[in-house]
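See structure below.
Values quoted throughout were computed directly from the atomic coordinates according to the rules given, and no laboratory measurement underlies them. From a predicted model like this one, the values you see are computed outputs, not experimental measurements.
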Amino acid sequence: MPNATVGASKPPMSSLESENVNLWPFAQHAKAYLESADTIPHRGEGEAALLEFLPKQVSRFLDIGSGDGRLLRLVKSMHPASECVALDFSPTMLQILRNNFGNQPEIIIIEHNLDQPLPALGAFDAVVSSFAIHHVTHQRKRTLYAEIYDLLQAGAVFLNLEHVASPSASLHDSFLHAIGYTAETEDPSNKLLDFEIQLEWLREIGFIDVDCHWKWRELALLAGRKPTHLQL
């Protein structure tokens, strides 16, 4: 997502992919995002759509790139008895997570960099994520989706509220303008990818009911479900 950090202009995407720029370990960057998180237009609509597509029964879910626990809290509000595993690697975010949820034994907080394969975490009824996966390279996005698939119970869902690429540079500039940013203030950690490519990856991995359930400009809810044993 964009952030409040200003400085040198953003390198081209090919450079970002090769250098794998990621500013999220830095406290200033994480705090700047948190200060503006509530101002992202239409974010609440995307979050409401994500909650709508959760299974009726969620006993255990994984929150990838949990940040300060915003999405975790929303899912728990609908499924208060559920156990959650929250992953993040930003020291700032991890400290906030521990301060907010460290005394709740059903919430397990794990430090993990998404550039690396997911650790053994057990099985889940749902895997959710909010504006996190677009910070890894495109190749890693695809392998991460396959790892998520392997963690899901049969019939479980993956719901990814994500920042995706616009189909043209002019539409990308229009999106930045709509949220009050420019190319110079855009987060250089972003590695945006067309949502249709990502949906096709989910289908190739084995997800069914794959769809973009909600979209506003570059914000989109990408989703898929792991088949049950009867769906071969």
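Quick notes on this one:
- Between residue 98 and residue 209, the contour length at 0.36 nm per residue exceeds the Cα-Cα span by 36.5 nm.
- Rule-of-thumb Rg ratio for region 46-225 [Cα; 2.2 N^0.38 Å; N residues]: 1.00
- Put simply, the amide H of residue 60, placed in the peptide plane, has neighbours under 5 Å in 83, 125, 126, leaving out anything fewer than 5 places away on its chain.
- Applying the Karplus relation 6.51 cos²θ - 1.76 cosθ + 1.60 with θ = phi - 60° to region 96-108 yields 3J(HN,Hα) values of 5, 4, 5, 5, 7, 10, x, 9, 9, x, 7, 10, 9 Hz, where x marks Gly and Pro.
- Under the Karplus curve 6.51 cos²θ - 1.76 cosθ + 1.60, θ = phi - 60°, whole-Hz ³J(HN,Hα) for region 131-142, x wherever Gly or Pro sits: 6, 10, 5, 6, 8, 9, 5, 4, 4, 5, 3, 5
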